[in-house]
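Below you'll find the structure, written out as structure tokens, and then a few comments.
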Amino acid sequence: MDIAAEIRAEAARQGIGTADLAEKTGLAYKTVSRKTNGRTGITVDELFKFADALNVPASALIGRAEHAAPAAA
């Protein structure tokens, strides 16, 4: 499950960049970058901040991540 990838994909679909996502979530730009690139984990609180910023239910991000094909190793 890669929630970070789903957040990146949804932001891209909506044309929202990292700076805008940082502003909408109230998180620092570097924090958003690290979390959406999978370098650091995403807490439940942050998941809800990302979902609110993207105007999608957190459950949708989780559901998409659960159904995504596993990444090639």
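Quick notes on this structure:
- Under the simplified labelling scheme, the T18-I62 pair shows an inter-label distance of 2.7 nm, with each label point 7 Å from Cα along Cα→Cβ.
- Relative contact order of the chain: 43 percent, from C-alpha pairs under 8 Å at least 6 residues apart in sequence.
- Binning all Cα-Cα separations of the chain at 10 Å, short to long from zero, yields these whole-percent fractions: 22, 59, 18, 1.
- Cross-link reach is defined here as a Cα-Cα straight distance under 20 Å, omitting same-chain residues fewer than 8 places apart; for K30 the aspartates and glutamates meeting it are D2, E6, E10, D20, D45, E46, D52.
- Size of charge dipole - the chain - debye, nearest 20, with Cβ of Lys, Arg +1 and Asp, Glu -1, no other charges: 220 debye
- Dividing the summed -39500 (n - 2.57) terms of all DSSP H runs of n ≥ 4 by the residue count of the chain sets its mean residue ellipticity at 222 nm at -19500 deg cm²/dmol.
Where a number appears in this text, it was derived from the coordinates with a stated rule and is not lab data. Note that this is a predicted model, so its numbers are computed, not measured. Cβ coordinates were reconstructed from backbone atoms using ideal geometry, including for glycine residues, and neighbour counts include every protein chain displayed.
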